[in-house]
Amino acid sequence: MASDNEHAGCNGSDVVKRNILFIAAAALTLLCIVLAFSNAVWLLGCIISVPFLIMGFYDYNQQQLTLTRNFPIAARIRWLFYDLRPYLRSYIVEGDLEGKPFSLDARNLVHARAQGKRDTHPFGTERDTDSGEYEWMSHSIVPAAHPEEDPRITVGGEQCSQPYNASVLNISAMSFGALSANAIAALNKGAQLGNFYHDTGEGGISSYHLEHGGDLVWEIGSGYFGCRDGNGHFDAGLFQEQASSDAVKMTEIKLSQGAKPGHGGLLPGAKVTEEIAAVRKIPVHQDCLSPRAHSAFSTPIELLEFAARMRELSCGKPVGIKLCVGHIHEVLAIMKAMLKTGIYLDYIVVDGAEGGTGAAPLELSDFVGMPLTEGLITVRNALVGTGLRDKVKLAASGKVYSGAGLARNLAIGADWCNAARAFMFSIGCIQAQRCHTGTCPTGITTQDPGRQRGLVVDVQAERAARFHQKTLLALSDIVAAAGLTHPCDLQPHHLVHRIGATDSKMIDRIYRFLPENSLIEAPDDTHYSQWWHAASAESFKAQVDMVPLRAKSNHGEQPKGSL
Ligand SMILES: Cc1cc2nc3c(=O)[nH]c(=O)nc-3n(C[C@H](O)[C@H](O)[C@H](O)COP(=O)(O)O)c2cc1C
Ligand code: SF4
């Protein structure tokens, strides 16, 4: 019968097995010392064995790591492979269509386009056209001969005195601080070369945003960086100073971001360098908090009044909001507020839950927020259903990196798309996913000047511009194949999705697309009925108790087709 000690794992052979490398290092050291009495050359062996002996002694006695304490030296081999895992997977194991968040194919496509290398694909698709994920664009027997190669969209309605003519692909918001000075400068120069816009992100406007003259969209988050007073509140004077400059073409209120909806942020004092402090208008070397919510408004009407004020302070430039869709009644509340006040947003950017970030809590990235397809359709329906679609432009962001991604979002309802990580790939990002550590190997998301040295602004700027141009050419190929000339002619019924092995449907037969004015004329006939009744221009809070309402509709007593 086994003794208690054996049950507890204390038998001698187990101890030897677990400590075998430690024992081997000790034995080798001893052997070398003994043999050194006959020939001193044997002492050289100690050069190898003694470091292992010290390591084993340290591992055996340290108290922080259980595995290492139980398996001195041996446990470190595991950590070594653990560290190597991403590289082995990425360089050796990963298939072309695998890899997260972006597949190898996706990354290679952007790199090839950015570097002006061959971006065509031989021998046919590698996608499984029978899989439930397969989606395709329907084409015409008579393709268009001359599709628009640089399609533009005018943003800014009657309430703007300086509308902006935007490209259908632009650089999504990424702050100076999250990105390095060289990355910001390269992206901005790329935007200038390619005639598209560069969103500043919420970290303010730095000199790197300005030195190359690319069009800027100035994003204002809850920290009001670059336009805040000593208490962290919005400062109209500071906003006006920069928003009225020629470089800024539009301004944007950031409500939320797909990768971390409802999350503020803390920039630790150590990262608040003099340069970042000056750009953000915050005290140097002190922790800097971005609150979860804005202090300049708390209701839908106040949001619009704030937007109107920003428009006025920026001398009539378009003002938009950026959000990841959450509660549907809150989106409808903004529509009701626009109808009630007559103040219109110039544009809305919908960010999908699949969107990127410099750093975010995993739970928020993985679990909170609506993915782009559903979010975009929700906002598109809210605008069309309230008759506001002509006044408010709609943009989309979330893993757009190709002409196909652009075409898909434009068909569903977007006027243009923004891309963040694809533009990072274009200037050299290899998806090492160390953005939050300050050790980015390509100099994009680090403030370390030594690492930024690798990113040569002029070279990478041309790559960003080339990626943009080639992606738009790919889009024009798709538009032409569909027999159309402008991507805004793409419609939901051009997009087909496979549903299982034997069926496929047009996207407008999978998702419900509301007809014009339906939320005004007969909201109860729409699948948004409950959300419409819950929405108010005066408050973001639901105006009805959703639980009994939804319980009733479950029993067929309430509006048809509720979400
Ligand atoms: C490094 C990094 C920094 C970002 N910083 C901001 C930011 O300051 N403000 C913001 O609204 N979104 C920010 N985002 C989100 C992007 O603007 C974009 O909405 C999201 O990444 C989806 O686009 P993608 O899938 O093309 O990356 C950031 C994303 C990344 C990768
Ligand atoms: S190379 Fe890696 S660390 Fe640098 S930006 Fe790309 S994903 Fe982030």
Residue 252 fails exactly one of (1) among the acidic types (Asp, Glu); (2) closer than 28 Å to residue 192 by Cα; (3) surrounded by fewer than 17 Cβ atoms within 10 Å (Cβ to Cβ), namely (3)
Taking the range 118-144 and keeping residues over 30 Å from residue 458 (Cβ atoms), of a type in the set (Asp, Glu) and either modelled with pLDDT of 95 or more or surrounded by 14 or more Cβ atoms within 10 Å (Cβ to Cβ) (or both) leaves 135
Flagged in the range 431-447 as in contact (Cβ under 8 Å) with a residue 60 or more places away in the chain and farther than 13 Å from residue 178 by Cβ, in numbering order, are 431, 432, 433, 443
Residue hits (the range 92-122; under 16 Å from residue 428 (Cα atoms) and outside any loop (DSSP other than H, G, I, E, B)) are 104, 105, 106, 107, 108, 109, 110, 111, 112, 113, 114, 115
In the range 453-468, anything within 14 Å of residue 119 (Cβ to Cβ) and either under 21 Å from the mean Cα position of the chain (by Cα) or crowded, with 22+ Cβ neighbours inside 10 Å (or both) is listed as 463, 467, 468
Check your understanding: Within the range 394-406, is even one residue charged (D, E, K, R) and more than 27 Å from residue 111 (Cβ to Cβ)?
Key -> no
Checking 206, 222 in turn, the sole residue that is touching a residue at least 60 places away in the same chain (Cβ under 8 Å) and under 20 Å from residue 452 (Cβ atoms) turns out to be 206
Checked the range 220-233 for anything of a type outside the set (A, V, I, L, M) and either within 22 Å of the chain's Cα centre (by Cα) or surrounded by fewer than 20 Cβ atoms within 10 Å (Cβ to Cβ) (or both); matches are 221, 222, 223, 224, 225, 229, 230, 231, 232, 233
In the set 331, 349, the lone residue that is under 25 Å from the mean Cα position of the chain (by Cα), buried (at least 21 other Cβ atoms within 10 Å of the Cβ), within 14 Å of ligand 1 (Cβ to nearest atom) and not basic (Lys, Arg) is 349
A careful count of residues in the range 398-438 that are within 11 Å of ligand 2 (Cβ to nearest atom) and either hydroxyl-bearing (Ser, Thr, Tyr) or modelled with pLDDT under 95 (or both) gives 9
Of 109, 104, 97, the only residue that is surrounded by 14 or more Cβ atoms within 10 Å (Cβ to Cβ), hydrophobic (A, V, I, L, M, F, W, C) and closer than 27 Å to residue 482 by Cα is 109
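Yes or no, residue by residue, for (1) under 30 Å from residue 341 (Cβ atoms); (2) at pLDDT 95 or above:
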residue	(1), (2)
85	no, no
91	no, no
111	no, yes
116	no, yes
150	no, no
161	yes, yes
Output for Cβ contacts, cut-off 9 Å, separation at least six or different chains, first residue part of a loop (DSSP other than H, G, I, E, B) in the range 18-38, second hydroxyl-bearing (Ser, Thr, Tyr) and modelled with pLDDT of 95 or more, reads 19/60
One residue is enough: does the range 238-259 have a residue meeting the conditions more than 15 Å from ligand 1 (Cβ to nearest atom), of a type in the set (Asp, Glu), assigned to a loop (DSSP other than H, G, I, E, B) and touching a helix residue (DSSP H, G or I) at 6+ places or on another chain (Cβ under 9 Å)? no
The number of residues in the range 339-369 that are away from ligand 2 (no atom under 16 Å from the Cβ), assigned to a loop (DSSP other than H, G, I, E, B), more than 15 Å from residue 397 (Cβ to Cβ) and of a type outside the set (Phe, Trp, Tyr) is 6
In the range 154-177, anything hydroxyl-bearing (Ser, Thr, Tyr) and more than 21 Å from residue 488 (Cα to Cα) is listed as 161, 175
So the helices (runs of 4 or more DSSP H) completely within the range 421-519 holding 1 or more residues that are more than 16 Å from ligand 1 (Cβ to nearest atom) are 449-452, 457-481
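The values are calculated or read from the model by the stated rules, or taken from the named source; none is laboratory data. If you're wondering where the values come from, they're calculated on a predicted model, not measured in any experiment. Reconstructed Cβ throughout: ideal geometry from the backbone, glycine too, with neighbour counts over all protein chains shown.
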